[in-house]
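Worksheet: one structure, shown below.
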Amino acid sequence: MRKKPRPSLVIDLVFASLLVTLFCKSTRSEPQPVLAGVVTSESNGPMEGVLVKAKQMGGNITVTVVTDDHGRYVFPAGRLAPGRYSLTIRAIGYDLANSATSVTVGKKTTNADLKLSKVDALATAAQLQPAEWLMSIPGMPSQKNAIYGCAGTCHNLNLPLKSTYDPSGWMTTLVRMRNWEPASNVDNPILLPYHSGQRPEDEKFAQYLASINLSSRTTLDFEWKTYPRPTGKASRVFITEYDLPRLNAEPHDVVMDSEGMIWYIDFAEAFLGRLDPHTGKTKEWTLTEFKPGFAPGSLGLALDQQENLWIARSFQGGIAKFDRKTEKITNYSIPAENNNVHSRTSFIAVGPDGKVWFDDTFNRRMYIVDPTTGQMKGYSLYPGFKWDLENDPGASQGNGENHFPYGVAVSSTGIGYWADLGNRNIGELDPETGKTTLYPTPTPASAPRRMNMGAEDQLWFAENNLSSRKIAMFDTKTKQFKEWTDPLVWDTPYDVVCDKAGYAWTGGIPTDYVSRLNPKTGEIVQYLLPSLAVNIRRVSVDNFTSPPSMLIGENHQAKIALIQPLE
């Protein structure tokens, strides 16, 4: 379907160009910004790379800009409506000297210089991204890799490190944590439908955890290692965040339709939502729970050619269609003989013929639904696979010993592809023959994860293993790979999408950075997000702006964010 021009497109172009100009050398012909100032500290003077956040009081939209190499920040006209705004900042190791900073924005320029003060070690620790905790804590790489699972899935590392569990307490805690499903959080723990017990490596891991938490020391007296503040191109960006109405919302997948509306699903709860980025208003629909007693959240979201929403319902063992015109929800369960406690129908894509592809990750199966007939056809991606119910059913995930599908995409010719998170392969499935062909990535143990089909049937995907840490592309026509290494230590791409300008975007769970790759030059620009520990999962794009923007759900902050570069 052809995309309709979004009403604000021209405005976006004007303001993007305006801010680029404002960050360059001043001229008398420049239009006046509505809010500007200089950020300084006693120790550093003018500070580059400070994120300045403006949120209208009583509103749910926060707009963020970044200071230039002279410490100057600028909000051009049109980015902030007239009103009263609270100003906050993000700069590791610093905070506003006056925490209660507010300004009134009108038609003329409001000047608001901001002074920062250094914070103590404890306050600095509270500002650390999960990856910065991993950089700072003592331990061998193998030990840190083990604790990455905590930072890479459920919560920041301040929780386990501030605990007082001794090795015995950790042995019990590890089993308890292992049996919460991935969408769980501190306020909403959700049990898995099966039980995982202790594992052989638990004892050593428990001893390590007890050596770095408050059971063995009175304070977290580590040397904090942090990423540097943004500079250069990384500071030339607008970021708009939208607070969702439910404080416990977990927006996992987000997509934008042809009218510029943003749709999202909730990782933990049975909701489909729509956000109007012009007003910040949302509307949510409750999805049916068709597998009682199992977690109700969703993990995959896709638009079909009529822009109906298709939703992978994960532990519900099936998918759902939301009809845009009638608001009717139709559910499709996988066949009863394959629907068990391990079923996770997590990833979804719509083919060029309108057929809907989705996988059952833990049972290593792929399904195709024909919406016109309701018929469903299933394929085994790992013939002969059976669960060993006498052993830990969760221990086989991603161990490199078998295939673990974790992402679905379909080419223009109707061939399906899946990411092999448990190994190093891109799987290709011919729906006519049922034959699966595996293409190994150049990097061993790369753990491909989440994928999107781009122009000319180029398949973009993330290599999620800590030892790989790459953005990757598989040309489905030539069967050739290209890989680009993420320059940030401990940053692990989760998903990759390509925008209409040819840039590839990614983000990861342990850092608050999103990355834009220029495949032609290999340049990767990484933009720091305003919020802490956002937990980035699926990524998408807004192709209405110029240049295009990145669209993400902040899974642990109940927000949706648009990241618009200025060049």
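The values are calculated or read from the model by the stated rules, or taken from the named source; none is laboratory data. This structure is a prediction, so every number in the text was calculated from the model and none was measured. Positions of Cβ are backbone-derived with ideal geometry, glycine not excepted, and every protein chain shown enters the neighbour counts.
Some points to look at:
- Applying the criterion of being free of Cβ contacts under 8 Å to residues at least 40 places away in the same chain and farther than 19 Å from T433 by Cα to the residues of the range 363-386, the residue that is farthest from the chain's Cα centre (by Cα) is T373.
- Identity of the residue in the range 309-343, surrounded by fewer than 23 Cβ atoms within 10 Å (Cβ to Cβ) and among the charged types (D, E, K, R), that ends up nearest to P193 (Cα to Cα): E337
- Residue selection: E456 fails the criterion of being surrounded by 21 or more Cβ atoms within 10 Å (Cβ to Cβ) and either in contact with a strand residue (DSSP E or B) (Cβ under 9 Å, 6 or more places away or on another chain) or under 22 Å from V254 (Cβ atoms) (or both).
- When the residues of the range 539-558 are filtered to those that are assigned to a strand (DSSP E or B) and not hydrophobic (A, V, I, L, M, F, W, C), the one that is surrounded by the most Cβ atoms within 10 Å (Cβ to Cβ) is G553.
- Sub-6 Å Cβ pairs linking a first residue in the range 64-77 that is within 12 Å of K233 (Cα to Cα) and hydrophobic (A, V, I, L, M, F, W, C) to a second residue that is surrounded by 22 or more Cβ atoms within 10 Å (Cβ to Cβ) and modelled with pLDDT of 95 or more, at least 6 apart or interchain, are V66/L51; V66/P230; V66/S235, ordered by first then second residue.
- Residues within the range 274-308 that are in a loop (DSSP other than H, G, I, E, B) and either over 18 Å from the mean Cα position of the chain (by Cα) or surrounded by fewer than 22 Cβ atoms within 10 Å (Cβ to Cβ) (or both), tallied: 21
- Strands (runs of 3 or more DSSP E) within the range 177-273 that include 3 or more residues at pLDDT 95 or above and in contact with a helix residue (DSSP H, G or I) (Cβ under 7 Å, 6 or more places away or on another chain): none
- In the range 263-273, residue surrounded by the fewest Cβ atoms within 10 Å (Cβ to Cβ) [restricted to those that are under 17 Å from I190 (Cβ atoms) and of a type outside the set (D, E, K, R)]: A270
- Sub-8 Å Cβ pairs linking a first residue in the range 238-251 that is over 15 Å from D276 (Cβ atoms) to a second residue that is in a strand (DSSP E or B) and of a type in the set (S, T, N, Q), at least 6 apart or interchain, are F238/T64; F238/Q564; I239/T64; I239/Q564; N248/N185; N248/N188; E250/N185, ordered by first then second residue.
- Of the strands (runs of 3 or more DSSP E) lying entirely inside the range 445-508, those containing at least 3 residues that are without any contact (Cβ under 8 Å) to a residue 60 or more places away in the chain and not small (G, A, S) are 448-453, 458-463, 470-475, 480-485, 493-498.
- Residues that are basic (K, R) and touching a Lys or Arg at 6+ places or on another chain (Cβ under 8 Å) within the range 85-129 comprise just one, R90.
- Search result, residues across the range 448-506 that are aliphatic (A, V, I, L, M) and under 14 Å from P519 (Cβ atoms): A455, L459, I471, A472, M473, V496, V497, A501, A504
- Flag set for A151, criterion: over 21 Å from N44 (Cα atoms) and touching a Phe, Trp or Tyr at 6+ places or on another chain (Cβ under 9 Å).
- In the range 482-504, the count of residues that are at pLDDT 95 or above, polar (S, T, N, Q) and surrounded by fewer than 24 Cβ atoms within 10 Å (Cβ to Cβ) is one or more.
- Lone qualifier among Y85, Y165 - being of a type in the set (F, W, Y) and assigned to a loop (DSSP other than H, G, I, E, B): Y165
- Residue list for the range 509-538, filter: in contact with a Phe, Trp or Tyr (Cβ under 8 Å, 6 or more places away or on another chain), in a strand (DSSP E or B) and either in contact (Cβ under 8 Å) with a residue 60 or more places away in the chain or closer than 15 Å to P130 by Cα (or both): Y513, V514, Q526, Y527, L528, I536, R537, R538
- Number of positions in the range 59-81 that are in a loop (DSSP other than H, G, I, E, B) and over 27 Å from the mean Cα position of the chain (by Cα): 6
- Of all residues making up the range 80-99, the number that are within 20 Å of E241 (Cβ to Cβ) and either in contact with a helix residue (DSSP H, G or I) (Cβ under 8 Å, 6 or more places away or on another chain) or acidic (D, E) (or both): 2
- Of the residues making up the range 243-262, just one is over 15 Å from the mean Cα position of the chain (by Cα) and surrounded by 24 or more Cβ atoms within 10 Å (Cβ to Cβ), namely L244.
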